[in-house]
């Protein structure tokens, strides 16, 4: 288990602070992550990688000369937010454009794509390759749906080497796609991992058994077997990977045997001894074998094997020297230290509200207080639900988001802001601090409702319903989920529909909202019977049948609690 922490919600921030303090030779901190602390040539493509924390040396440990120019570092097992990615990319950019790469997970795709769109609007050229090396997470004919695990290293290093060699953005992306197509991985685990502060691991493996096809965020395996000997494990890993030899591969291969957190190097070496024999028996030429920790999962006892199939271009790029906090190859010429001037974003001007809107803003603040309280009360439950087929971080992610929203919204309300500004500030803070898919989607919902509220006057029930409807449409457009995918959408869409119906029929906001909350609660409960078709739960969806979707469940809890706030506000208005 993870033993050392202060407040679990602060773990990622404190970890990054300590990592930077220990590695100032290589990295400096910027909002959202780290960038190189050395000067990169003007016009060089900036390679920015990233993902959730909890996988060291991925992602910050791979920032330095010859490898990444920056890493966007999210909270534990949660993708970095759009704001964090944009911040890191701007700090890393030297005028040659920004190349993004990360593991193929829903939250990462959502937030990196949004950041890419924002940067392009600002005139910064961008391109992206999501890593899809895990062969057990989807069939070969659906390789684009596979997730990224330890194969991140081969794609990141290839892209960075191309940037170092002077490739332009299009060619960096081309060679990264080629490297991704030539990378295959499979993993196993003997125990699950435990997040800081959690009482139980995200998944368990029966004593004497081994899970096959686990995910690096604590997603359970798709199969189990008795614990093999070291040689038997080597044979299992190699045999599975050799069934997917890429077309045109000439026999040169880089094996990466990756420890996931608790296996000792000595154990890995025993396994690799047999892997080397098996690769030789298959008439493959092993180049630069890697045995160690390259992408971990806290204290998970497990390992993964990656095979990276070379050709002449990939082999040449692989020889590029690298010097980072956690990964070094060859000899890198010293570079000048970068200017450590802090990256500071200009503060957005606060919009004052009129008297009516300031009164509504007080209700918005009460709503934010209620959301934070209800999330705190149910955080453990939400985490347990999410651990069944996901990664177990929904509760802590919702806590980070709702607390940040409350702090930002309260500060705006105390400064005299109108309802729109208060809720917009809260939405931005939620998306930024929570990260992941749910953080981004709650940011979308709150932003659309805020736009409907405005900073003048008192909105009626129909206006609020229109804002919720816009938020619902925005979530579907942003997250690409539809009703039936077993996501937050399964509760949000019926909630919005009932709110609109009741408001159109002339109901007050409080009455209409409570009716819609009952509908959302019923819909969230019904998700227990669904098989997930989106997100991390998709791969292990059968595990979640019988359990409601945590995103839908948390939304139902929140809208039910908000109904009480709105009823109290309505009663207070009547008495006034």
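The values are calculated or read from the model by the stated rules, or taken from the named source; none is laboratory data. Since this is a predicted model, take the numbers as computed values, not measurements. Using ideal geometry, Cβ is built from the backbone for each residue, glycine included, and neighbour counts are taken over all protein chains shown.
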Q) So how many residues does the range 245-268 have that are part of a loop (DSSP other than H, G, I, E, B) and under 22 Å from residue 302 (Cα atoms)? A) 4
Q. For residue 528, are the conditions met, namely being surrounded by fewer than 20 Cβ atoms within 10 Å (Cβ to Cβ), under 30 Å from residue 146 (Cβ atoms) and out of contact with any helix residue (DSSP H, G or I) (no Cβ under 7 Å at 6 or more places or on another chain)?
A. yes
Q: Please find, among 171, 134, 141, the residue that is assigned by TED's automatic domain parsing to the domain that holds residue 259, at pLDDT 95 or above and surrounded by fewer than 19 Cβ atoms within 10 Å (Cβ to Cβ).
A: 171
Q. From the list 182, 177, which one is touching a helix residue (DSSP H, G or I) at 6+ places or on another chain (Cβ under 7 Å) and in the same structural domain as residue 97 (by TED's automatic domain parsing)?
A. 182
Q. If you go through the range 280-287 one residue at a time, do you hit one that is modelled with pLDDT under 90, out of contact with any helix residue (DSSP H, G or I) (no Cβ under 8 Å at 6 or more places or on another chain), surrounded by fewer than 22 Cβ atoms within 10 Å (Cβ to Cβ) and not in a helix (DSSP H, G or I)?
A. no
**Q.** Which numbered condition residue 436 fails, given (1) closer than 22 Å to residue 194 by Cβ; (2) free of Cβ contacts under 8 Å to residues at least 12 places away in the same chain
**A.** (2)
Q) When residues of the range 29-74 are filtered for being more than 18 Å from residue 328 (Cβ to Cβ) and assigned to a strand (DSSP E or B), how many remain? A) 15
Q. Name the residues in the range 435-461 that are on the phi > 0 side of the Ramachandran plot and either crowded, with 24+ Cβ neighbours inside 10 Å or assigned by TED's automatic domain parsing to the domain that holds residue 86 (or both), would you?
A. 435, 436
Q) Quick check, is residue 107 in contact (Cβ under 8 Å) with a residue 24 or more places away in the chain, surrounded by 21 or more Cβ atoms within 10 Å (Cβ to Cβ), part of a helix (DSSP H, G or I) and assigned by TED's automatic domain parsing to the domain that holds residue 35? A) yes
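Which residue out of 42, 12, 91, 68 is surrounded by 24 or more Cβ atoms within 10 Å (Cβ to Cβ) and touching a residue at least 40 places away in the same chain (Cβ under 8 Å)?
Details: 42 fails: surrounded by 24 or more Cβ atoms within 10 Å (Cβ to Cβ); 12 fails: surrounded by 24 or more Cβ atoms within 10 Å (Cβ to Cβ); 91 fails: surrounded by 24 or more Cβ atoms within 10 Å (Cβ to Cβ).
Exactly one of 42, 12, 91, 68 is surrounded by 24 or more Cβ atoms within 10 Å (Cβ to Cβ) and touching a residue at least 40 places away in the same chain (Cβ under 8 Å), namely 68.
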(Q) Given the options 211, 159, 198, name the one that is outside any loop (DSSP other than H, G, I, E, B), at pLDDT below 95 and within 25 Å of the chain's Cα centre (by Cα). (A) 211
(Q) Going by what's in this entry, would residue 294 be described as assigned by TED's automatic domain parsing to the domain that holds residue 83, closer than 27 Å to residue 91 by Cβ and either in contact with a helix residue (DSSP H, G or I) (Cβ under 6 Å, 6 or more places away or on another chain) or in contact (Cβ under 8 Å) with a residue 40 or more places away in the chain (or both)? (A) yes
Q: Kindly check whether there is at least one residue in the range 400-419 that is touching a strand residue (DSSP E or B) at 6+ places or on another chain (Cβ under 7 Å), in a helix (DSSP H, G or I) and either touching a residue at least 12 places away in the same chain (Cβ under 8 Å) or surrounded by fewer than 24 Cβ atoms within 10 Å (Cβ to Cβ) (or both).
A: yes
Q) In the range 298-340, which residues are part of a loop (DSSP other than H, G, I, E, B), modelled with pLDDT under 95 and surrounded by fewer than 14 Cβ atoms within 10 Å (Cβ to Cβ)? A) 330, 331, 333, 334, 336, 339, 340
Q: Mind telling me which of the residues 366, 359 ends up being in contact with a helix residue (DSSP H, G or I) (Cβ under 7 Å, 6 or more places away or on another chain) and part of a helix (DSSP H, G or I)?
A: 366
(Q) Considering only residues that are closer than 16 Å to residue 147 by Cβ and over 9 Å from the mean Cα position of the chain (by Cα), which ones fall in the range 75-102? (A) 101, 102
